[in-house]
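Participant: Take a look at the following structure, please.
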Amino acid sequence: MRICGVELSSNDAVVCLLSLDGQQFNIPGCRARKISLPKDHSREDLQQFQTAFSQLMQDYKIDKVAIKGRLPKGKFAGGAVSFKLEATIQLIADIDVVLITSTQAKATLAEHPLPIPFADTELKGFQEAAFITAYVAHKMSA
């Protein structure tokens with residue numbers, strides 16, 4: 001199963017692909033580390049974002065998209081644009097999308113710690129949350 005972990009922050013969807021072959025995790029290369037939306041975006045910009053994201057999922061044969069959940073209110077609430085991006089991703093036809101809450105992630109990681117330190121993955125530091133989200137989604141669907 002191939003999962004795309006996504007962290008939405010500001011105007012960006014940071015992505016990390018993770019596949020499980022038997023008991024071995026693989027991090028396939030990907031042409032995009034993040035997909036961005038212009039700060040002053042229009043309806044057409046949202047449609048272009050959706051098309052680009054959908055094409056990336058098709059090209060890499062992704063089975064499931066796991067989005068790191070954000071709080072809707074409070075001190076650490078997600079921004080309005082990140083919720084637009086989430087909805088845009090959820091509305092893509094033929095893509096299974098799940099939201100991973102921080103509570104689910106903590107519980108899953110406590111039961112199934114990461115098999116390797118993040119530093120050994122060769123991913124960029126800003127991709128760590130997307131990587132963990134993809135890992136947790138794999139463990140939750142196992």
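Participant: Phe118: net charge of surrounding residues, Cβ under 14 Å, Lys/Arg +1, Asp/Glu -1, itself excluded?
Facilitator: My count for the surroundings of Phe118 gives -3.
Participant: Something else now. Using only alpha carbon pairs under 8 Å that are at least six residues apart, calculate the relative contact order of the chain and give it in whole percent.
Facilitator: About 34 percent, as a whole number.
Participant: Still on this model: Measuring from label point to label point, each 7 Å out along Cα→Cβ, what is the Ile116 to Gln58 span in nm?
Facilitator: Result: 3.2 nm between the two label points.
Participant: Continuing with this model, one more query. To the nearest 0.05, what FRET efficiency results for Val97 and Gln23 with a Förster distance of 22 Å applied to their C-beta separation?
Facilitator: Given R0 = 22 Å and the Cβ-Cβ separation, E is 0.30.
Participant: Name the long-range amide H neighbours of Val97: under 5 Å, sequence gap of 5 or more, or other chain; modelled H, no Pro or chain starts.
Facilitator: Here Val65 satisfy the definition.
Participant: Per DSSP H run of at least 4 residues, take -39500 (n - 2.57); add these up for the chain, divide by its residues and hand me the 222 nm value, nearest 500 deg cm²/dmol.
Facilitator: -11500 deg cm²/dmol
Participant: Using only the alpha-carbon atoms, how far is helix 80-90 inclined from the longest principal axis of the chain? Give it as 0 to 90 degrees, nearest 10.
Facilitator: In the chain, helix 80-90 runs at an angle near 70 degrees to the longest axis.
Participant: Rank by packing, highest mean first: peptides 129-138, 96-105, with packing defined as the count of other Cβ atoms within 10 Å averaged across residues.
Facilitator: 129-138, 96-105
Participant: Something else now. Starting from the Cα of Lys39, step 7 Å along the direction of its Cβ; do the same at Lys73; then give the gap between the two resulting points in nm.
Facilitator: 2.8
Participant: In degrees, nearest 10, range 0 to 90: what is the angle between the Cα axis of helix 43-59 and the longest Cα principal axis of the chain?
Facilitator: Rounded to the nearest ten degrees, it is 30.
Values quoted throughout were computed directly from the atomic coordinates according to the rules given, and no laboratory measurement underlies them. Note that the structure is a prediction, hence the values are computed from the model and not measured. For neighbour counting, all protein chains shown are included, and Cβ atoms are generated from backbone atoms with ideal geometry for every residue, glycine included.
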